[in-house]
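Computed from the coordinates by the stated procedures, all read-outs in this text should not be read as laboratory data. These figures come from a predicted structure and were not determined experimentally.
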Amino acid sequence: MKHGTDKQLQALAAGELLDDRKELESHLAVCSACRHQLHVYRQLMSVLAEAPAEELSPNFASSVIGRIEESGSRAMNYLEWGLASIIVLIGVPMVFAYIDREGLTTLARDSWLVLADVFRSVASVSSFPVDTNLSLIAAAALAVGLYHLAVRLAFRPR
Amino acid sequence: MDNDRTQIQRILGGDQRAFEALINDHRKLVFHVVARIIPNRSDREEICQDVFVKVYQNLSKFQFESKLSTWIARIAYNTSLSYLEKKRLMLYEDLKTEEDDAEYPMAADAWHEEEGVDEKLMEREIRGVLETEITRLPVHYRTVLTLYHVDELSYEEIGSVMNMPQGTVKSYLFRARRMLKESLLTQYREEELRV
């Protein structure tokens, strides 16, 4: 038999299945060059199989969980900012609308009418009497409910 | 796979301890992948943390198309490569510093008592040389070697982690071993390697 190929010797050193294993082993018995190559491969694989010393800190898992909670808090902050922005966006025209009832701008009156329609729709879905003040309460309750739902979702895996 | 499913369901249900267990089950695997790719020791812990944060964030998307460990190893591999790209490091450069060369412990326990001191020294030296040579291999070769020899993943699993065909995995593994062997043979005489 010819000298063993690198592929054969690697397979033998790694303990993998080899079709011509017996033939190769017979050759190795009489060929010191191939035995040497096999020996080097075995040395190599012994080193390769050594696991590197793990350098992660003992509280690694806690650190990861801390980072996830922190990012959850950040997500909650974004939600709070988002909610605050919505309140401002709704609240400002409402203030203007209130003033408008005393006779200010047309734009403010239009804003008020649109908002009033939205709140009435919410209120009607909620079986509230079609009354502006009660509509406002219903809308606020809905907003708080959605906010809490969003916060809960932010703390779960996405 | 069933264990994976149960563990994931518990984590998705908000069980923090289950996630902690997942981290502890897979931290070695993640570290092996990250350590083979990332040259700076000081960066590795943070990258390993990034890996597990991503695991947590994407856990609901895991479709059980592979073992959970394979999926996590893939995240570790991709996160490490992204880090290298961000740092604009060349993938095929010599990534290790002298300090890093000592990171893989010598198998002192494996030495036989009856062996002579010279033989032990030679074996230690050869192991040191091999470790240095491993760090000089291309990053894909190093990763394949680690996943196959240390973490004992199958060719199929390594292919899944590194997004490459099994044939490529086998080819990388073969070439990497041959390169290391040639390197040893050029640096040592035959009798020096007979330890």
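Which whole-Hz ³J(HN,Hα) couplings does the range B:167-177 yield from phi under the Karplus relation 6.51 cos²θ - 1.76 cosθ + 1.60, θ = phi - 60°, glycine and proline marked x?
Computed from phi, the couplings for the range B:167-177 are x, 5, 4, 4, 5, 4, 5, 4, 5, 4, 5 Hz.
Using alpha-carbon pairs under 8 Å, 6+ residues apart, how would you state the relative contact order of the range A:1-69 in percent? Present the calculation step by step, with values, prior to reporting the outcome.
Details: 30 pairs, mean separation 21.9, N = 69.
Reported relative contact order: 32 percent.
Convert each backbone phi in the range A:31-40 into a coupling constant with the Karplus relation 6.51 cos²θ - 1.76 cosθ + 1.60 (shift: θ = phi - 60°), then list the ³J(HN,Hα) values in order as whole Hz, x for Gly and Pro.
So the J values, rounded to whole Hz, are 10, 6, 4, 5, 4, 5, 4, 5, 4, 5.
Give a residue-ordered list of calculated ³J(HN,Hα) values for the range A:56-69 (Karplus: 6.51 cos²θ - 1.76 cosθ + 1.60, θ = phi - 60°; whole Hz; x for Gly, Pro).
6, 5, x, 9, 4, 4, 5, 5, 4, 5, x, 5, 5, 5
Of the cross-linked pairs A:K2/B:K181; B:K54/B:K87; B:K28/B:K54; B:K86/B:K181, which ones have a Cα-Cα span greater than 22 Å in the structure shown?
Too far apart for the 22 Å limit: B:K86/B:K181.
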